[in-house]
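Have a look at the structure below before the remarks.
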Amino acid sequence: MAQTKSAKLTEVDVLIVGAGLAGLSALQALRARAPQLRVAVLEAADFLGGTSRPAQTAIGEIDYGLKIFNDDARTHATLDFMESLLGQRIDRQRIEAAPVTYDDGRFKPYVGFGDSTVETASEVEAYAQTARLLLSSTPRDWIRQLIQNAGELVQTQSVVTRLQIDDGRVAEVTLNGAKVLRAENIIYTAAPAALPVLFGEGHLAPRTRQKLIKGEFWTSVNLDLIHAQPITDSLAMHVLKGANEEPCVGFFAPPRAMEDGRTLQLSQWMTLIHRDQVDEEELVAGALKQIKRQIKRAYESAIENLVQERILVLPGSHGNLVGAFDEPARLPKISNLWLTSALFAPEKNTVGCLAQVERITQDLLGQSPRGSSLEAEAIATEVQLATEPA
């Protein structure tokens, strides 16, 4: 996928941290509603797209990890928003397939975990709905078009290492430990759990810092499997759980006939571990073994003769900060910082992320420290970004 290199920037009104689906969607939303604004995007990696970029596999291109769109009003509204950004229709086909689990040697309708204490229940159940949508395009397609539309004001290999607060505002953004940038407004699209480190000691209110440090955050361990033969024709979401194990959730895509005559099938799975366990390789490996063990219990031949496995670990990808702060997607007493994380949204996952982008861009364009709308008045601030990575 082509990368976008920045030109020299001198006047920027909004600085977006992160060039994944949230960051590039925010860029497109601001550009559409307020084309006079100068918006710059910083990306730590050397590529754009984050966890929405396409993944190449033996069965073809797939979405990067588990992306599920439940058939409900909020999902449709979010898809309408994405259509407006892309300028094209996203067709939607309803799939009615009640979620299933496997117990006592047979499949049963999934109706919850009963008396079992499952810490990740609310996160898992967000995927286990009765009906979901099959889309004509998915995040991997959206991100490709958003990258094409991004323009020159996007810079990769640009790691934000410090956010300096002064008089209730993010006054400075330190880039790659050296360069200091300034912008009137900051849209932060990365995991909120990283904010206490970026702000440093003494720059956040103690209660705010504590909520971000001790928030209910989970790391997702994802496993994509390409099966050498069809395993099942079930379209249901599967919620699988062994005794004394955290559940995993996943689904089987329809089998696909390949040009070489083989018929392969993709399945995608996810389980959650506590965010503090992500650096412990044994725990991540144990989570992957647990997923395979649970799949094998339900489909004995599913783990045999695999064509390909893909592993994806996403720190702090799931959790809940809804209600943690008076203003969703805002930290108390910081007037120019906007957060797009789905952790602040009543909706979950990709839908929650995009819903937050829609909310914060509308909110941002309706406010200005000078008392007038940014949509009507571009407040130019000197920002110097190098054309070459630091």
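What follows is calculated from the coordinates using simple rules that are stated; it is not laboratory data. Keep in mind it's a predicted model, so treat the numbers as computed, not measured. Quick reminder, even Gly has a Cβ in these numbers, built from the backbone with ideal geometry, and neighbours come from all protein chains shown.
Rg and Dmax, both from the Cα atoms of the range 90-169 and both in Å, are 21.5, 62.
Kindly provide the trypsin sites (Lys or Arg not before Pro) of the range 269-340 that DSSP labels as loop, not H, G, I, E or B, and whose Cβ sees at most 14 other Cβ atoms within 10 Å. Please list the in-between numbers first.
Working: sites: 275, 289, 292, 293, 296, 297, 310, 330, 333; in loops: 330, 333.
Hits after loop and neighbour filter: 333.
A cut-off under 14 angstrom between Cβ atoms defines the neighbours of residue 61, and their net charge, with Lys, Arg +1 and Asp, Glu -1, is +3. Annotation: the residues 66, 283, sorted from fewest to most other C-beta atoms within 10 Å of their own C-beta, follow the order 283, 66. Select from 356, 261, 226 the residue farthest towards the positive end of the dipole of the chain; place +1 on Cβ of Lys and Arg, -1 on Cβ of Asp and Glu, and compute about the Cα centre. Toward the positive end, the furthest listed residue is 356.
Going Cα to Cα from residue 292, which aspartates and glutamates come in below 12 Å? Please leave out same-chain ones fewer than 8 positions away. Partners within reach: 224, 300, 304, 309. Beta bridges assigned by DSSP with both partners in the chain are antiparallel in approximately 80 percent of cases. Neighbour counts of other Cβ atoms within 10 Å put 76, 318, 238 in the fewest-to-most order 76, 318, 238.
Separation of the range 44-107 from the range 113-184 is 16 Å, based on Cα centroids.
Normalised by the number of residues in the chain, the mean separation of alpha-carbon contacts (under 8 Å, six or more apart) gives a relative contact order of 24 percent.
By the count of neighbouring beta-carbon atoms within 10 Å, fewest first, 273, 143 end up ordered 273, 143.
Restricting the range 88-180 to GluC sites (Glu not before Pro) that sit in a DSSP loop and have at most 13 other Cβ atoms within 10 Å of their own Cβ leaves 119, 152.
Under 8 Å for C-alpha pairs, at least 6 residues apart: give me the relative contact order for the range 249-346, rounded to a whole percent. List each step's numbers first, then the result.
Numbers: 74 pairs, mean separation 15.2, N = 98.
Relative contact order here is 16 percent.
The chain: D in µm²/s via Stokes-Einstein (Kirkwood Rh, Cα pairs, 37 °C, 0.692 mPa s)? In µm²/s, the coefficient is 149.
Taking each DSSP H run with n ≥ 4 as -39500 (n - 2.57) and averaging over every residue of the chain yields -7000 deg cm²/dmol at 222 nm.
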